[in-house]
Each structure stands twice: as structure tokens, then as C-alpha cells.
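**Student:** A single structure is presented below for examination.
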Amino acid sequence: MPVYLDNAATTRVCPEAARAALEAMTEGYGNPSSGYALGQAAAAALKEHRAAVAGRLGCAPEELVFTSCGTEGDNWAVRAAADYGRRKGRHIITTAIEHAAVLEPVKALAAQGYEVTYLKPDRSGHVSPDALRAALRPDTVLVSMMLVNNELGTLLPVAEAAQAIRDAGSPALLHCDAVQAFLKVPFTPAELGVDLLTLSGHKIRAPKGIGVQYIRRGLNLKPLLTGGGQEGGLRPGTEPTAQAAALAAACAAWQEDYPARIQEIKEYALESLSAVPGLEIISRGDAPHICAVSLPGYPSEMLVRELSDRGVYVSSGSACHRGKPSHVFAALGLPKRTLMGVLRVSFSPESTRADVDALAAKGLSLDMARGKPSREQVDLSRSMLDALDSGSCLEDQGQDAANYGVPDGLPSARALMASLMGVPASQVVVAGSSSLNLMFDCVAHGFVRGVHGAEPQCAQGPLRFLCPAPGYDRHFAVTEHFGFENVPVPMTPEGPDMDVVEALVADPSVKGIWCVPKYQNPCGITYSDETVRRMAALRPAAPDFRVYWDNAYVVHDLYDEGDELLNIFDVLAEEGRDALVYEFASTSKVTFPGSGIAAVAASPADIADLKGSFAVERVCPDKMSQLMHVRSFADADAVRAHMARLAEVLRPRFELVERRLSEGLGETGCATWTTPRGGYFVSFEGPEGSASRIVELCRETGVTLTGAGATWPGGDDPKDSNIRIAPSYPTLEELDAALEVLCACTRLVSAQLAAEARGLR
């Protein structure tokens with residue numbers, strides 16, 4: 001059954017309205033302007049219907065004129081008000097977030113010489129009454145302001161506008177588009193103080209084609225049309241008796257508890273949608289039936305189509321935009337990525353929690369592409385934010401964290417990172433929040449300045465870098481950026497194939513190797529002692545060769561008994577070696593990815609060499625973040641205790657991956673995968689030629705995986721078989737659904753490949 005959540009665009013006609021329309025069309029079908037009995041009965045019924053609508057609106061029946069829709073009413077009100085006040089002035093005030101049915105006729109009047117002031121909303125979509133007061137002038141003849149914004153659900157200060165007009169003694173008429181407000185928020189025209197007010201039937205479960213225009217008693221407006229005496233001569237034409245009957249019936253069927261019921265469903269939706277990864281709440285809406293959300297980076301029209309294919313109906317804004325960017329959301333000043341992914345969700349009395357659950361489930365883009373910490377993980381670090389306040393001492397061992405200086409990082413921060421990395425603090429620089437930034441800086445240092453007195457690599461000719469594969473795509477991107485040829489090195493269960501590494505470093509054009517030695521990305525393996533010793537024993541032909549030892553997961557154990565990694569600096573010391581290794585680590589997946597601390601460690605000679613470049617690049621790092629970390633973690637043991645809590649969040653996800661892949665693919669023999677005891681990733685191997693097909697098929701089904709080939713230099717997986725799985729970010733429920741899709745897609749693609757191999761396709 002379709003899940004309809006676009007009730008601000010239109011509503012399903014309620015049974016009472018449908019029956020009333022059918023009866024009017026089949027039994028009370030007389031023309032109300034006719035003098036015979038059937039026509040007079042229709043006229044009497046029309047009078048009753050007008051009175052019924054007026055009763056729900058809270059005005060006199062003679063103040064209502066039936067129209068065809070809200071757009072007609074808005075256009076009429078704007079043009080008629082301007083004409084009414086033409087001898088008093090030519091200034092109009094409206095808001096930048098009005099419906100196009102107001103903005104377009106106002107624009108037309110501006111082309112005729114009227115001056116228009118557009119009141120802008122704040123970031124929440126509200127308009128200031130003070131801004132209106134400031135905009136009023138003696139020649140203002142019209143203020144047009146909607147009561148409930150149709151895309152944000154925000155309330156606008158219509159009653160305050162009326163008071164401001166009265167206080168200023170302005171001749172301006174006040175028009176209100178109350179299309180989205182009628183029956184959903186309490187008001188009467190008198191309470192608002194408006195002169196003109198526009199309603200539309202299809203927003204309250206009446207059919208399309210019927211609207212109502214309120215015109216304050218005593219206000220003599222120019223007729224909308226000419227040619228007859230119907231509707232008090234203001235809107236000639238045969239009255240829409242069936243539509244009027246349906247509107248009256250819809251008003252009668254609307255129950256007093258409907259707004260509260262709708263509000264409860266909306267609040268449930270906002271809570272449920274808040275758990276969708278990456279989703280932002282743009283507007284919670286003051287009215288009970290409208291809210292707005294965004295999936296930044298995804299085109300909203302694409303999202304609408306994708307959801308529609310899954311039987312879920314929402315909109316990218318007003319239905320009247322027809323694919324054009326919403327001027328309402330643009331007026332909020334949202335970032336471009338947020339703006340492009342905006343969706344409006346709107347409810348009716350018929351909306352249910354099941355509808356909301358379907359939206360949250362079917363509308364989900366299940367993301368296993370990047371090793372991002374989940375909200376649960378990040379929340380475990382929120383108490384760190386209390387480590388500093390306005391009264392905190394901002395000194396660390398005599399160093400001022402609030403001022404320039406200390407380019408190497410605060411002493412306590414260096415000591416903390418050194419204890420995690422197993423090196424002396426004197427050999428550590430702490431800077432930035434991402435170790436990848438430091439890796440980039442080190443590569444740039446060698447490329448531009450030269451490593452430890454060597455000729456700058458940019459002047460040396462062809463350059464090569466060793467890349468264990470499957471490996472980390474962002475590593476490969478760094479060296480590729482500087483023009484290095486990335487050379488793949490096969491991964492083994494012990495680490496990189498050291499026979500291959502030892503052979504390749506005999507080439508002086510080889511300047512380094514990327515390594516993730518503990519819980520390697522994506523394989524999850526930890527280098528064996530033999531691999532570490534052979535790495536430390538390398539005798540590269542290039543004196544400026546360095547091992548980039550990215551120890552990103554040094555404390556990321558999932559179990560009490562985690563993998564043990566031999567300290568490569570200890571091995572170097574045993575062999576009397578010195579400058580060979582740059583080691584990197586960070587807290588980006590320990591605390592906050594957006595506000596962690598990162599470190600590089602190297603031999604005394606190498607760290608002095610790097611500091612020379614760093615001193616030119618930066619005056620000082622973000623020492624406040626460093627101070628927050630050292631005030632939260634006294635030592636390495638405190639970090640490990642925190643990581644044990646993180647493991648409680650991560651471990652069930654990795655165990656779920658193992659269980660679901662075993663259940664879905666174990667007996668088929670069509671795939672293999674790693675079972676790491678820490679880190680952030682699982683390496684998945686499908687049949688040769690399958691990865692790109694599996695990734696695309698999953699994407700079509702709503703599951704996002706790391707792109708096929710991403711774990712190889714240049715994105716070129718020679719077997720097209722490897723897929724990196726990142727289980728950290730989705731919830732367990734989302735991950736379960738995503739793994740089910742992955743297994744199904746793998747089985748399908750494997751069967752297709754087998755059939756092709758047998759010549760059956």
C-alpha cells in the first residue's frame with residue numbers, strides 16, 4: 001500500500017465529501033440561478049454549504065465567495081487590493097517565502113510601477129514583526145502574508161501585522177493566504193484582523209476545484225470576473241454546487257482532535273527520521289502537519305523519484321514548483337549541499353506511525369562506504385566537551401593553549417600520543433585533527449624540499465610509491481596527487497608480500513611504502529612480527545625512502561585480547577637503524593572525527609627535518625582541542641578504557657557481518673571475507689569480475705558500498721573482486737538490512753557469471 005506523506009500538496013478526498021459531491025451532482029443538480037424548484041433547491045443547498053464553511057471559519061456567510069482554488073484567490077486578492085488603494089499609494093509588502101500565487105501577481109504589479117518590499121525570514125523560517133513595522137510607509141496599500149508557510153510549516157505574524165498597520169494608521173489592506181492553516185491551527189479572520197483571506201478545499205480532504213475567499217464586510221472590491229451576478233457579482237459564473245457541497249462536508253467531517261493527532265504523528269516522524277544517517281531537520285514546523293528535512297548532497301528530485309519507486313510519496317517543496325529549486329528553502333540561506341537535498345514531509349488525519357516507519361525504512365540510504373563513527377560512538381565522547389569552559393585554566397606545562405606558539409603541540413598532548421605510539425615524546429609532533437593531513441604534509445615535504453638533505457623529489461625524475469593492495473584509497477590519492485606511480489604490492493595474511501617489497505626497493509625511484517600495520521584497511525589483518533622485522537631491515541636504494549606507518553587502529557581492539565603489533569621503532573633500535581619510518585596516529589575514530597588530534601613520530605633526525613617544513617606551514621596547531629583531550633584522558637590507559645566502551649558499540653556490528661555473511665553466502669562458496677579482531681573494516685572477495693556488478697546492484701537497491709576497485713591504486717582491481725565493508729556507521733537494524741541486500745546481490749551476480757561461463761547467457 002502506498003505511503004502518502006505529501007498532504008500539504010493535496011489530500012485524499014474524505015468519504016463524506018465524496019458522497020456529498022455525488023449527491024449534489026446526481027440529485028441536487030439544478031442551476032442555483034434558475035427560478036424553478038430544482039434550481040431553487042440547489043440555491044438553498046448552496047446557502048447552507050456557505051453557512052457551514054463560514055461557521056468553521058468563524059465569519060458571516062455573506063463574507064465568503066466561492067472560488068476555484070487558492071491560487072485564484074491569492075491572485076484576486078493581490079490585484080484587487082492594489083486596485084483598491086491605487087489613489088493612496090503604490091507600495092506593497094510581502095514576504096520572500098510566500099506561495100508563488102502571491103509572488104507572481106506581486107511581480108506583475110512591480111512591472112507596472114509598484115514598489116515591493118520582501119520581508120526575509122530568519123534561518124528557522126520565521127518573519128519578524130519588527131521588520132514589517134519598519135517597512136510600513138504612508139503609501140503602503142497592501143500587506144500580503146501567509147499564516148502557515150506551505151513548505152516549512154512555520155507560523156507567520158499575521159495578527160501582529162494587523163496591529164502594526166492599525167498603529168501606523170496605514171491605508172494598507174491585509175491579505176492572508178491561510179490555505180495551509182485552515183482547520184489545522186486556530187484562528188478567525190476577526191482574530192487575525194485581516195481584510196482578505198484565501199482558503200482551498202483540497203488541503204482539507206475536499207476535492208480539487210473549490211476554494212473560498214473571505215472579504216471583510218464593507219470592503220468593496222473590484223470583481224474577479226464580469227458577466228453575471230453570481231457570488232454577489234464578485235465572481236460570475238455558474239456556482240460549483242457539487243464542490244461546495246463537498247467542501248462543507250469536509251469541514252463537518254473534520255474533528256476537533258485532528259490537529260493534535262497529526263502533531264503526534266509528526267513528532268514521531270521527526271524522532272524517527274533523526275536516526276537516519278546524515279539526515280538534517282530543516283524545519284520542525286509550527287503547524288501540526290508540515291516539517292522539512294534534508295539529505296545533504298543528494299538531489300531532492302532524485303530522492304523523490306527513488307522514494308516513489310519504493311511506494312513512499314513526499315515532495316521536494318511546493319508541488320507548484322514542478323522541479324524548480326524552492327525559493328522558500330533558498331531564502332533560509334542553507335548551505336548548497338543541504339539545500340539540494342531538502343524534502344517536505346506533510347501529514348493528514350489518515351497518516352499513521354506505520355507510514356512514518358515505512359519512510360524511515362524505505363527511504364534509507366544504507367551506507368557502508370566509509371568508516372565513519374556512528375552517533376553512538378561519538379556520543380560516548382560528548383562529556384569531553386565539559387573539560388573546558390570559560391573559567392578553565394588554558395595552560396599546559398607552562399604553555400598557553402589560547403595563544404600562538406608551540407607548533408609541535410602541547411607537551412601533554414605529545415606525551416599522550418607518544419605513549420599510544422610507543423615512542424619518546426621528543427620524537428612526536430601533534431598537529432591537526434587528521435593523520436591524513438600529516439601524511440600529505442610529509443609527502444609534500446619530500447617532494448618540494450627533500451627528505452633529510454636529499455634532493456627534492458620533484459627534481460629527481462620518475463617517482464614510485466609502493467601500495468599494499470587491497471589498501472586504503474586515500475593513501476593512494478595522496479601520492480597520485482604528487483605524480484607518483486603507485487605500484488601495487490600483494491597483501492598476504494602476514495602483511496605485504498615482503499619478497500615483492502624487498503625486490504622493488506632496489507629501484508631508487510621507489511620513495512616509500514604505505515602501511516596500515518594493525519587491523520589493516522580493509523583486510524583487518526595485523527602485520528606479523530616477521531613482516532615488521534623485514535620492514536625495519538629494508539635497505540632501499542633511495543636514501544629518501546620512508547615507510548609511512550599509518551598506525552590508525554593502534555588502540556582499536558574489539559576484544560580484550562587484541563592483536564599485538566611489534567613496535568617497529570624498537571626493532572630499528574635493535575638493528576642500530578635510524579631514519580626509515582614515519583609513524584602516524586590520531587584520535588579521529590577515538591573521540592571526534594571533526595575535532596580530534598593527530599600525531600607523527602619519527603627518528604630524532606627525521607622529526608627535526610620535518611619540523612623545518614612544519615614551521616613554515618603553521619604558526620600553531622589547534623591547541624584547544626589538544627587541551628580538551630589531555631584534560632579528558634590522563635594517560636594511555638584512560639584512552640584504552642574509553643576504547644573498551646567503543647568496542648561495546650562496534651563489536652556487535654562486526655559480529656553481525658560475520659553471522660549474516662556466513663548465513664547468506666557460507667554454503668555457496670561464492671565469496672570469502674576477513675574476520676578482523678579490531679579496526680573498522682571487513683574485506684570481501686567475490687568471484688572474479690563480480691565487484692563492480694555487486695556494488696551497482698546494491699546501489700540500485702538503496703545500499704551504498706565503497707566503489708569497486710577503490711582498494712587498489714588507480715581504482716583498478718585486476719580481478720574486479722574486492723569490496724570494502726564499513727559496518728561502523730549504520731545502526732544494527734540498518735546494517736542487517738544492508739547485509740541481506742549484499743548477500744542477495746552477490747548470489748545473483750555469482751549465478752549470472754556462472755551462467756555466462758557456461759555460455760548460457
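**Student:** Please work out if A387 is small (G, A, S), at pLDDT 95 or above and within 16 Å of F633 (Cβ to Cβ).
**Tutor:** Here the answer is no, as A387 does not meet what is asked.
**Student:** Yes or no: the stretch 212-222 includes at least one residue that is assigned to a loop (DSSP other than H, G, I, E, B) and within 24 Å of S346 (Cβ to Cβ).
**Tutor:** There is no residue in the stretch 212-222 that is assigned to a loop (DSSP other than H, G, I, E, B) and within 24 Å of S346 (Cβ to Cβ).
**Student:** Has the stretch 191-198 got at least one residue that is surrounded by fewer than 16 Cβ atoms within 10 Å (Cβ to Cβ), modelled with pLDDT of 95 or more and assigned to a helix (DSSP H, G or I)?
**Tutor:** Checking the stretch 191-198: at least one residue is surrounded by fewer than 16 Cβ atoms within 10 Å (Cβ to Cβ), modelled with pLDDT of 95 or more and assigned to a helix (DSSP H, G or I).
**Student:** Can you find a residue in the stretch 2-22 that is touching a residue at least 60 places away in the same chain (Cβ under 8 Å), at negative phi and of a type in the set (F, W, Y)?
**Tutor:** The answer is yes; a qualifying residue exists.
**Student:** Name the one entry in A552, A541, A579 that is part of a loop (DSSP other than H, G, I, E, B) and in contact with a His (Cβ under 7 Å, 6 or more places away or on another chain).
**Tutor:** A579
**Student:** Considering each of G218, G237 in turn, give the residue that is under 22 Å from Y29 (Cβ atoms) and without any contact (Cβ under 8 Å) to a residue 60 or more places away in the chain.
**Tutor:** Among G218, G237, only G237 is under 22 Å from Y29 (Cβ atoms) and without any contact (Cβ under 8 Å) to a residue 60 or more places away in the chain.
**Student:** Right, something else. Of the residues in the stretch 311-329, how many are in a loop (DSSP other than H, G, I, E, B), at pLDDT below 75 and surrounded by fewer than 19 Cβ atoms within 10 Å (Cβ to Cβ)?
**Tutor:** Number of matching residues: 4.
**Student:** Moving to a separate point now. For T479, are the conditions met, namely being without any contact (Cβ under 8 Å) to a residue 12 or more places away in the chain and polar (S, T, N, Q)?
**Tutor:** no
**Student:** Of the residues that make up the stretch 443-465, is at least one under 21 Å from I723 (Cβ atoms) and within 36 Å of the chain's Cα centre (by Cα)?
**Tutor:** no
**Student:** Further question: Residue by residue through the stretch 572-587, note down the ones that are at pLDDT 90 or above and either over 17 Å from A425 (Cα atoms) or more than 40 Å from the chain's Cα centre (by Cα) (or both).
**Tutor:** L572, A573, E574, A579, L580
**Student:** Here's a follow-up. At least 1 residues that are assigned by TED's automatic domain parsing to the domain that holds Q180, closer than 26 Å to K208 by Cα and touching a helix residue (DSSP H, G or I) at 6+ places or on another chain (Cβ under 9 Å) in each: list the strands (runs of 3 or more DSSP E) lying fully within the stretch 40-141 that qualify.
**Tutor:** Counting at least 1 such residues, we get 64-67.
**Student:** Moving on to the next point. From the residues in the stretch 686-701 that are under 31 Å from the mean Cα position of the chain (by Cα), in contact (Cβ under 8 Å) with a residue 24 or more places away in the chain and surrounded by fewer than 18 Cβ atoms within 10 Å (Cβ to Cβ), which one is nearest to A744 (Cα to Cα)?
**Tutor:** Across the stretch 686-701, the extreme among qualifying residues is T701.
**Student:** May I pose another question? I want to confirm something. Restricting to the stretch 734-750 and keeping residues that are of a type outside the set (D, E) and touching a strand residue (DSSP E or B) at 6+ places or on another chain (Cβ under 7 Å), which single residue is surrounded by the most Cβ atoms within 10 Å (Cβ to Cβ)?
**Tutor:** The selected residue is L742.
**Student:** Still on this model: Can you name the residue in the stretch 252-285 that is modelled with pLDDT under 95, surrounded by fewer than 18 Cβ atoms within 10 Å (Cβ to Cβ) and of a type in the set (G, A, S) and is also farthest from the chain's Cα centre (by Cα) among such residues?
**Tutor:** This residue is S272.
**Student:** crowded, with 19+ Cβ neighbours inside 10 Å, at pLDDT below 95 and either among the basic types (K, R) or in the same structural domain as F614 (by TED's automatic domain parsing) (or both): is that true of A413 in this structure?
**Tutor:** Against the criterion (crowded, with 19+ Cβ neighbours inside 10 Å, at pLDDT below 95 and either among the basic types (K, R) or in the same structural domain as F614 (by TED's automatic domain parsing) (or both)), A413 does not qualify.
**Student:** Another one. Could you list all residues from the stretch 65-83 that are within 17 Å of L173 (Cβ to Cβ) and out of contact with any Lys or Arg (no Cβ under 7 Å at 6 or more places or on another chain)?
**Tutor:** Result: G73, D74, N75, W76, A77, V78, R79, A81, A82.
**Student:** Tally up the residues in the stretch 373-399 that are over 22 Å from the mean Cα position of the chain (by Cα) and outside any loop (DSSP other than H, G, I, E, B), please.
**Tutor:** Here the count works out to 7.
**Student:** Of the numbered conditions (1) within 30 Å of D499 (Cβ to Cβ); (2) crowded, with 19+ Cβ neighbours inside 10 Å; (3) touching a Pro at 6+ places or on another chain (Cβ under 8 Å), A454 fails exactly one; give the number of that condition.
**Tutor:** Going through (1) within 30 Å of D499 (Cβ to Cβ); (2) crowded, with 19+ Cβ neighbours inside 10 Å; (3) touching a Pro at 6+ places or on another chain (Cβ under 8 Å) one by one, A454 breaks only (2).
**Student:** Can you find a residue in the stretch 558-569 that is farther than 22 Å from V649 by Cα, modelled with pLDDT of 95 or more and outside any loop (DSSP other than H, G, I, E, B)?
**Tutor:** Yes: one or more hits.
**Student:** Another question, then. Residue under question is A101, and the condition is that it be crowded, with 17+ Cβ neighbours inside 10 Å, of a type in the set (G, A, S) and out of contact with any Leu (no Cβ under 6 Å at 6 or more places or on another chain); does it hold?
**Tutor:** yes
**Student:** Which of the residues spanning the stretch 330-346 are more than 12 Å from E280 (Cβ to Cβ), at pLDDT 80 or above and assigned to a helix (DSSP H, G or I)?
**Tutor:** Residues satisfying the conditions are A330, A331.
The values are calculated or read from the model by the stated rules, or taken from the named source; none is laboratory data. What you see is a predicted model, and the numbers here were worked out from it, not measured in a lab. For neighbour counting, all protein chains shown are included, and Cβ atoms are generated from backbone atoms with ideal geometry for every residue, glycine included.
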